[in-house]
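Have a look at the structure below before the remarks.
The values are calculated or read from the model by the stated rules, or taken from the named source; none is laboratory data. In this text the structure is predicted, and so the values were computed from the model without any measurement. FYI the Cβ positions are ideal-geometry reconstructions off the backbone, even for glycines, and counts take in every protein chain you see.
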Amino acid sequence: MNKFFTLVTMLTLGFSVKATIHSVSVASNSFTPQAITTVIVGDTVRFNWVSGSHTTTSASIPAGATAWDSPMNSTTTIFDYKVTVAGNYGYVCTPHVGMGMIGGFTATASTASLSKIQKSSELKVYPNPFTSKVTINHGGADKIEVCSLLGETVASLSVSSYDKSTVLDLSDLRKGVYFYVIKLDGKVLETRKIVKSE
């Protein structure tokens, strides 16, 4: 009887944890929102067709993740992508990539992975938006990467786990939206959006 009760309890607890669905609208030659920074492994990114004839096509994905290419039109109005690997994901609309129809998201491991570094509320970036240099408080991480919306790494810096903050000179980057990724032992621990202004 005790074994049965324990099994039922474990199954109930296992199914009570719900993954989040992050919605992306596909219309007017744009993905809205263009960038998502709150995805956790196990979540789903849902593409919702609104108008036009488009695709959602992976442009860059982390090693081990599954690529995708789905039409988005009046026949295919929803496409769900289940996130199974932490890292940076970039996607495009194939017919409209030249018009800037790109988007991206960064998936992090569960919040339990943050136990080796500062609490998430203590991780800060300033100024944001920035023009040339940005300071990132990261206490305990060993690497910081800056990625484009397509998930391409545009800057990478190894940092000391003893340092609490690092100043990055990103003056060579174009104006736009980027992500900084804090890593420890090769695992993505935290990702946040940063904006470079002129």
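Remarks
- Restricted to the range 181-195, and to residues there that are of a type in the set (A, V, I, L, M) and either outside the structural domain of Asp163 (by TED's automatic domain parsing) or farther than 15 Å from Ala107 by Cβ (or both), the residue that is modelled with the lowest pLDDT is Leu184.
- The set of residues in the range 138-178 that are in contact with a Phe, Trp or Tyr (Cβ under 9 Å, 6 or more places away or on another chain) and modelled with pLDDT of 85 or more comprises Ile144, Glu145, Val146, Cys147, Ser148, Val154, Ala155, Leu168, Leu170.
- Of all residues in the range 121-136, those satisfying the criterion of being modelled with pLDDT under 85 and either surrounded by 12 or more Cβ atoms within 10 Å (Cβ to Cβ) or touching a helix residue (DSSP H, G or I) at 6+ places or on another chain (Cβ under 6 Å) (or both) are Leu123, Lys124.
- Looking across the range 161-180, the residues that are within 16 Å of the chain's Cα centre (by Cα) and either in the same structural domain as Gly103 (by TED's automatic domain parsing) or hydrophobic (A, V, I, L, M, F, W, C) (or both) come down to Val177, Phe179.
- When the range 60-102 is filtered for residues that are of a type outside the set (S, T, N, Q), modelled with pLDDT of 90 or more and touching a Lys or Arg at 6+ places or on another chain (Cβ under 9 Å), the ones remaining, listed by number, are Ile78, Phe79, Asp80, Tyr81.
- Selection within the range 10-56 - at pLDDT 90 or above and basic (Lys, Arg): Arg46
- Enumeration of residues in the range 63-98 that are touching a residue at least 60 places away in the same chain (Cβ under 8 Å) and within 17 Å of Leu149 (Cβ to Cβ): Gly87, Asn88, Tyr89, Gly90, Tyr91, Cys93, His96
- Check on Asp43, under 13 Å from the mean Cα position of the chain (by Cα) and acidic (Asp, Glu): yes
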